[in-house]
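This report concerns only the one structure given below.
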Amino acid sequence: MKSAMVAQYEENFSKQISKKLPISELSFLVVDTETTGLDVKKDHILAFGGIKVSNNRILVQSSREQFVHSKKKNASSIKIHEIVQPSNAISPREFVRGFLPYLGSDILVAHHAGFDLAMIEKICYPFGLRKLANPVVDTGDLAMRLEHGIHYDPSRINLRDYSLDKLCERYNIPIQDRHTAAGDAFLTAQLLLKLLKEAEKRGVVTYGDLMRW
């Protein structure tokens, strides 16, 4: 059964974003999750980081980091993100109640977005959300399209060159707070702005261009 918070979220999409809207006027929410593992079916979100980008600027005051309660622990993932179970961890319901209004109708951005989006949809599912309705920009995919063309062949690309670390190095972004949800979201937001600047040089200047290109 769909909860009131999900119904309210879905009301944001009664109107579509105009394809002619300049990219500079778009609002993005850049997200990252730290999880108990990499299996969407078995694992859970431990930490969420988000930060907004609007008018080609990172809105530092919009930054958010939350820890989510989970009964599952995974020693190998703890070695990466060093999250055990903070005392300020919130329940999944409390997370979803705060996340959906924070997201609104913004364009969702993540690095290799499929996993993060799947984990977010999983935590929202018990409250009646079947699928996030927001447009999505994957910074990994965008970087590959910029560097190899819109019809690039993934089998011909060394995907390790498109990790967040490698792209930050290539686009001269200082790497700080790596493997924290808020830190990785901030790095991805910086990468997004660098990539959008490169895309502009190729004539990608509107929402329609960005989603079609």
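Observations
- Against the test of being out of contact with any Pro (no Cβ under 7 Å at 6 or more places or on another chain) and open to solvent by 80 Å² or more (accessible area, probe 1.4 Å), the options Glu200, Glu121, Glu147 yield a single qualifying residue, Glu200.
- Pairs, first of a type in the set (Val, Ile, Thr) in the range 150-166, second part of a helix (DSSP H, G or I) and open to solvent by 50 Å² or more (accessible area, probe 1.4 Å), C-beta under 8 Å, six or more apart: Ile157/His148
- Subset of the range 147-171 [assigned to a loop (DSSP other than H, G, I, E, B), over 19 Å from Val53 (Cα atoms) and not charged (D, E, K, R)]: Gly149, Ile150, His151, Tyr152, Ile157, Asn158, Ser163
- Comparison of Asp184, Asp165 shows that the only residue that is open to solvent by less than 20 Å² (accessible area, probe 1.4 Å) and among the acidic types (Asp, Glu) is Asp184.
- Of all the listed residues (Asp138, Asp153), the sole one being in contact with a His (Cβ under 7 Å, 6 or more places away or on another chain) and open to solvent by 10 Å² or more (accessible area, probe 1.4 Å) is Asp138.
- Residue list for the range 91-103, filter: open to solvent by 10 Å² or more (accessible area, probe 1.4 Å) and either in a loop (DSSP other than H, G, I, E, B) or under 12 Å from Phe67 (Cα atoms) (or both): Ser91, Pro92, Glu94
The values are calculated or read from the model by the stated rules, or taken from the named source; none is laboratory data. Not measured: the values here are computed from a predicted model. As a convention, Cβ positions derive from the backbone with ideal geometry for all residues, glycine included, and neighbour counts pool all protein chains shown. Accessible surface areas use protein heavy atoms only, side chains included; no ligands, DNA or RNA. Shrake-Rupley method; radii C 1.70, N 1.55, O 1.52, S 1.80 Å.
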